[in-house]
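The values are calculated or read from the model by the stated rules, or taken from the named source; none is laboratory data. It should be emphasised that the depicted structure is a prediction, and the values quoted were computed from it without experimental measurement. Positions of Cβ are backbone-derived with ideal geometry, glycine not excepted, and every protein chain shown enters the neighbour counts.
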Amino acid sequence: MKKDSENWLKIARYDLKVADDCFKATNYLTCLEKCHNALEKLLKGIISENSQETRKIHDLLRLASEALLINLQAEVLDLFQELNSIYMSTRYPDEFDAIMEKLDKSRTELILSKTKRTFTWLEKKLEMN
């Protein structure tokens, strides 16, 4: 594995651990931000491993496309769309209250679980390159 890709993987693993820690501390918004960050960085690791330049973008669907991941399962597409939406809402305060109303323990736990499954799948893809 290339050094850049290895670095992306290390920070992605760290972000996933922080997401788990935030969930345990009932900090659900930060948990989901870190879920997004973990998948974003892992996708950038795959892009780097494919000898492509990693761009400073945050859209998980665009990154998946740049990572040459095609025919993604509906569950993964839905997860990427949901995390993109949550991530963007944290950047614009007019949507903050609306997103906080939707973030309860069960929804956050479901998204975290899906993130972990997707992370494991992407990690294997990176290690196979």
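Condition first: within 19 Å of residue 84 (Cα to Cα) and among the aromatic types (Phe, Trp, Tyr). Now tell me which residues in region 9-34 satisfy that.
Residues satisfying the conditions are 23, 28.
Take residue 103 and decide whether it is more than 28 Å from residue 1 (Cα to Cα), touching a helix residue (DSSP H, G or I) at 6+ places or on another chain (Cβ under 6 Å) and touching a residue at least 60 places away in the same chain (Cβ under 8 Å).
Here the answer is yes, as residue 103 does meet what is asked.
Can you work out which of the residues in region 48-89 that are exposed (fewer than 15 other Cβ atoms within 10 Å of the Cβ), among the small types (Gly, Ala, Ser) and over 15 Å from the mean Cα position of the chain (by Cα) is modelled with the highest pLDDT?
So, considering only residues that are exposed (fewer than 15 other Cβ atoms within 10 Å of the Cβ), among the small types (Gly, Ala, Ser) and over 15 Å from the mean Cα position of the chain (by Cα), the one modelled with the highest pLDDT is 74.
How many residues are surrounded by 15 or more Cβ atoms within 10 Å (Cβ to Cβ) and among the acidic types (Asp, Glu) if we restrict to region 21-36?
Of the residues in that region, 1 qualify.
Kindly provide the set of residues from region 90-129 that are exposed (fewer than 12 other Cβ atoms within 10 Å of the Cβ), more than 20 Å from residue 27 (Cβ to Cβ) and of a type in the set (A, V, I, L, M), ordered by number.
Correct list: 128 only.
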